[in-house]
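Chemist: This structure is in structure tokens; I'll ask about it shortly.
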Amino acid sequence: NAGVTQTPKFRVLKTGQSMTLLCAQDMNHEYMYWYRQDPGMGLRLIHYSVGEGTTAKGEVPDGYNVSRLKKQNFLLGLESAAPSQTSVYFCASSYSAGSYEQYFGPGTRLTVT
Amino acid sequence: GEDVEQSLFLSVREGDSSVINCTYTDSSSTYLYWYKQEPGAGLQLLTYIFSNMDMKQDQRLTVLLNKKDKHLSLRIADTQTGDSAIYFCAFDTGRRALTFGSGTRLQVQP
């Protein structure tokens with residue numbers, strides 16, 4: 001049982017480049033989330049999904065897109081990266097909205113120059 | 001929305017007790033959580049408390065909830081060097097995701 005995995009672990013992009021972050025979970029969870037973590041600001045929700053084929057905006061969705069074509073995968077896309085998107089990105093999943101625990105991936109450290 | 005405040009840093013000596021505090025504004029959460037983040041890793045659920053409880057004890061961890069003052073605390077007894085990490089309080093605010101505090105970095109000195 002791998003839990004929640006994220007690829008890649010590290011990435012450096014130039015301003016204007018695009019990339020996709022992949023999150024995968026093998027726990028058959030319905031809910032999946034993308035957060036970004038910045039120093040002194042905790043984690044902020046970017047987008048989330050309540051099931052296969054559904055996505056919704058979180059607190060800071062601008063500049064990001066997501067897709068959930070398969071239940072086990074949740075993709076986060078940056079179409080035109082900006083230095084303000086330099087951050088550590090965490091994916092998480094949970095059984096349901098009422099579940100008391102979210103399971104987190106190890107994070108992706110993204111630097112945009 | 002939820003406004004959550006935590007102090008940024010706490011330093012204690014090994015064997016002492018640590019108390020990490022969190023204040024919040026939205027009292028509608030069903031559960032209140034403490035997550036731990038070790039260096040270079042994701043967050044891991046440490047413990048949680050149901051909103052109708054005042055206290056929960058789990059081995060070396062004690063969670064206190066003061067609903068009147070909107071104050072949540074985590075006490076770690078007999079703090080060890082392995083407890084050095086960042087601790088986040090978090091709340092479910094009915095938006096199908098969690099709202100996190102900014103995190104408290106706990107440094108345990110031998």
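Chemist: Report, please, the projected area of chain A averaged over directions, based on the convex hull of its C-alpha atoms, in nm².
Modeler: Details: hull surface 26.1 nm².
Result: a mean projected hull area of 6.5 nm².
Chemist: Under a 10 Å cutoff between Cα atoms, tell me which one of B:ASN21, B:ASN66, B:ASN52 has the largest fluctuation in the Gaussian network model of chain B.
Modeler: Ranking B:ASN21, B:ASN66, B:ASN52 by mean-square fluctuation puts B:ASN52 first.
Chemist: Next question, about the same structure. Which three extents, in angstrom, do the Cα atoms of the protein assembly as shown have along their principal axes, listed largest first?
Modeler: Computed over the protein assembly as shown, the largest-to-smallest principal extents equal 48, 36, 35 Å.
Chemist: If you don't mind, another one. Summed for both chains, how many Å² of accessible area, to the nearest 100, are buried between A and B with a 1.4 Å probe?
Modeler: Numbers: alone 6050 and 6290 Å², together 10730 Å².
The summed interface area works out to 1600 Å².
Chemist: Further question on the same structure: Taking R0 as 30 Å, what FRET efficiency do you get between B:LEU45 and B:ASP16 from their Cβ-Cβ distance, rounded to the nearest 0.05? Each step should come with its number before you reach the end.
Modeler: Working: r = 24 Å, r/R0 = 0.81.
The formula returns an efficiency of 0.80 here.
Chemist: What does the C-alpha gyration tensor say about the overall shape of the stretch B:36-110? Classify as rounded when a/c is under 1.5, otherwise prolate if a/b is larger than b/c, or oblate. Numbers along the way, then the final one.
Modeler: Numbers: a/c = 2.15, a/b = 1.31, b/c = 1.64.
Oblate, because a/c is 1.5 or more while a/b does not exceed b/c.
Chemist: Straight-line reach only, C-alpha to C-alpha below 27 angstrom: list the lysines that A:LYS70 could link to, leaving out same-chain residues fewer than 8 apart.
Modeler: Leaving aside lysines fewer than 8 places away in the same chain, those within reach of A:LYS70 are A:LYS9, A:LYS57.
Chemist: For a quick check of your reading of the filter: which trypsin sites (Lys or Arg not before Pro) in the stretch B:10-110 sit in a DSSP loop and have no more than 10 other Cβ atoms within 10 Å?
Modeler: Here the trypsin sites (Lys or Arg not before Pro) that fit, given the DSSP loop and packing criteria, are B:LYS68.
The values are calculated or read from the model by the stated rules, or taken from the named source; none is laboratory data. Just so it is clear, the model here is predicted, and its values are computed rather than measured. For neighbour counting, all protein chains shown are included, and Cβ atoms are generated from backbone atoms with ideal geometry for every residue, glycine included. Keep in mind that these areas ignore ligands, DNA and RNA; they rest on the heavy atoms of the full protein, side chains included. Shrake-Rupley method; radii C 1.70, N 1.55, O 1.52, S 1.80 Å.
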